[in-house]
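Here the structure comes first, spelled out in structure tokens, and everything after it is commentary.
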Amino acid sequence: MIVSVIDREGKSHELPAKPGQVLMRVLRDADMGLKAECDGCCACATCHIYVDNDWYGKLDAPADEEQDMLDEAFDVQENSRLSCQITLTEETDGLKVVIAPDWD
Ligand code: FES
């Protein structure tokens, strides 16, 4: 399976991934510029991404914990998610995301 990513320079990437992988780790391993400072503990919001609108509703809705972090993040849009809270599945093959701006 693949994940389509647009980085902060606007460049497109097709990253190989496997079901069960956490999206943040796929993005970080591919040097997409994510700091992911809390390493997936839903405590930093430096893994912020925008999910393509066609895909947003196909993902499980964010949990309260994730929503609380997003409420405090910068450059948040309706399609914002924290990539450490998204686990890839067969159904997310082809998922499209954009890396949100860095804010520090
Ligand atoms: S890595 Fe810190 S909130 Fe996702």
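Determine by what factor the alpha-carbon radius of gyration of the chain differs from 2.2 N^0.38 Å, reporting the quotient. Show your work: numbers first, answer last.
Details: Rg = 12.2 Å, N = 104, 2.2 N^0.38 = 12.8 Å.
For the chain, the normalised Cα radius of gyration comes out at 0.95.
Treating only the Cβ atoms of Lys and Arg (+1) and Asp and Glu (-1) as charged, compute the dipole magnitude of the chain about its Cα centre; round to the nearest 20 debye. Please list the in-between numbers first.
On the way: 9 positive and 23 negative charges, 82 e Å.
So the magnitude is around 400 debye.
With both partners inside the chain, how many of the DSSP beta bridges are antiparallel, as a percent to the nearest 5?
On the way: 12 of 16 bridges.
Antiparallel: roughly 75 percent of the beta bridges in the chain.
Taking amide hydrogens as modeled 1.01 Å from N in the peptide plane, which residues meet the under 5 Å criterion relative to A36, leaving out close sequence neighbours?
Those qualifying (amide H under 5 Å, at least 5 residues apart or on another chain) are T46, C47.
If you count only protein heavy atoms with a 1.4 Å probe, what accessible area per residue comes out for segment 2-99, rounded to a whole Å²?
Values: 5410 Å² over 98 residues.
Counting only protein heavy atoms, the per-residue value for segment 2-99 is 55 Å².
Tabulate in residue order the Karplus-calculated ³J(HN,Hα) for segment 69-78, using 6.51 cos²θ - 1.76 cosθ + 1.60 with θ = phi - 60°, rounded to whole Hz; enter x for Gly and Pro.
Result, rounded to whole Hz: 5, 5, 4, 9, 7, 9, 6, 6, 10, 4.
The values are calculated or read from the model by the stated rules, or taken from the named source; none is laboratory data. In this text the structure is predicted, and so the values were computed from the model without any measurement. A quick note on method: Cβ atoms are made from the backbone with ideal geometry, for glycine too, and the neighbour counts reach across all protein chains shown. Quick note on the areas: whole protein, heavy atoms, side chains included, nothing else; ligands and nucleic acids left out. Shrake-Rupley method; radii C 1.70, N 1.55, O 1.52, S 1.80 Å.
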